[in-house]
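Here the structure comes first, spelled out in structure tokens, and everything after it is commentary.
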Amino acid sequence: MMSCKCVTSSCLMKFFFIATLLVALFMGLDQVKDQFYMFEPETLQQIAQKNIALYSNDSRMMINKIAQDLDEIYPGHVQLKEEWVFNNAGGAMGSMWILHGSLTEYVIIFGTPVGTEGHTGRFFADDYFIMLEGEQWAFSPGQLTREVFRVGEMHHLPRGHAQQYKIPEHGFALEYARGWIPLMLPFGFFDTFFSTIDFVTMYHTFRLYGKAIIGELLKGKI
């Protein structure tokens, strides 16, 4: 009995030691994460607004030109091959094209031609949602009127905050998140396990994001 208690105590001590190290490592990296950021929300919005003005009647041209402009400013860090995958998270559904994915940032085109709504999620990351087409509606607990974000406008959801949002009927956006991106993934994957059971979409999400992360790490980008 004494031997079992000693083994249990030793395992608990090891667990708490490792947990403490991981928390300390996370807190340390969290203090310096800003130096890993490459993209700027204002620059992304300017690129979006320029192409909205030029290609408002051609959705695909506008999206591809945005990708090309981003590649010119951030060469080697933007995925120009157009690969779309469903995105289910917080009850909302759309499709996305991952333009950039790393441990601390992602840039995607996200949207739907049929409308959607759900929970934004609450993350260790800031999220910037720049409307390219349509509108996004949002509200926080206690608000009695909705916030409305129209074409060319940017909705900033600060780290640690959450809202209900809706894209009525049709909408596409250039979305940018900065923070600890891997911690955002369970929010989407829970919908796969407990709702859609769409493991094909999960596979392609892992494939595209994993490929992007590895590519960025090989370039020294965290």
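Residue under question is TYR106, and the condition is that it be of a type in the set (Phe, Trp, Tyr), closer than 23 Å to PHE199 by Cα and touching a residue at least 12 places away in the same chain (Cβ under 8 Å); does it hold?
Yes.
Quick check on my filter: what residues within the range 57-90 are within 23 Å of GLU135 (Cα to Cα) and in contact (Cβ under 8 Å) with a residue 60 or more places away in the chain?
SER59, MET62, ILE63, ILE66, VAL85, PHE86, ASN87, ASN88, ALA89, GLY90, listed by residue number.
Have a look at GLU72, GLU82, GLU42 and point out the one that is touching a strand residue (DSSP E or B) at 6+ places or on another chain (Cβ under 7 Å) and of a type in the set (Asp, Glu).
Answer to the selection: GLU82.
For residues that are closer than 25 Å to PHE206 by Cβ and either in contact with a Gly (Cβ under 8 Å, 6 or more places away or on another chain) or modelled with pLDDT of 95 or more (or both), tally how many sit in the range 168-181.
Total meeting the criteria: 9.
So which of GLU153, GLU147, GLU105, GLU169 is charged (D, E, K, R) and open to solvent by less than 20 Å² (accessible area, probe 1.4 Å)?
GLU105
I'd like to know if the range 147-168 contains one or more residues that are over 18 Å from the mean Cα position of the chain (by Cα) and polar (S, T, N, Q).
No, the conditions are met nowhere in the range 147-168.
Within the range 77-102, take every residue that is within 21 Å of MET61 (Cα to Cα) and among the small types (Gly, Ala, Ser) and give me the one that is surrounded by the most Cβ atoms within 10 Å (Cβ to Cβ).
GLY94
So which residues in the range 191-222 are of a type in the set (D, E, K, R) and either open to solvent by 30 Å² or more (accessible area, probe 1.4 Å) or farther than 20 Å from ARG178 by Cβ (or both)?
Within the range 191-222, ASP191, ASP198, ARG207, LYS211, LYS219 meet the criteria.
The values are calculated or read from the model by the stated rules, or taken from the named source; none is laboratory data. The shown structure was predicted, so the numbers you read here are calculated from the model rather than taken from an experiment. A quick note on method: Cβ atoms are made from the backbone with ideal geometry, for glycine too, and the neighbour counts reach across all protein chains shown. Note: areas computed on protein heavy atoms with side chains; ligands, DNA, RNA excluded. Shrake-Rupley method; radii C 1.70, N 1.55, O 1.52, S 1.80 Å.
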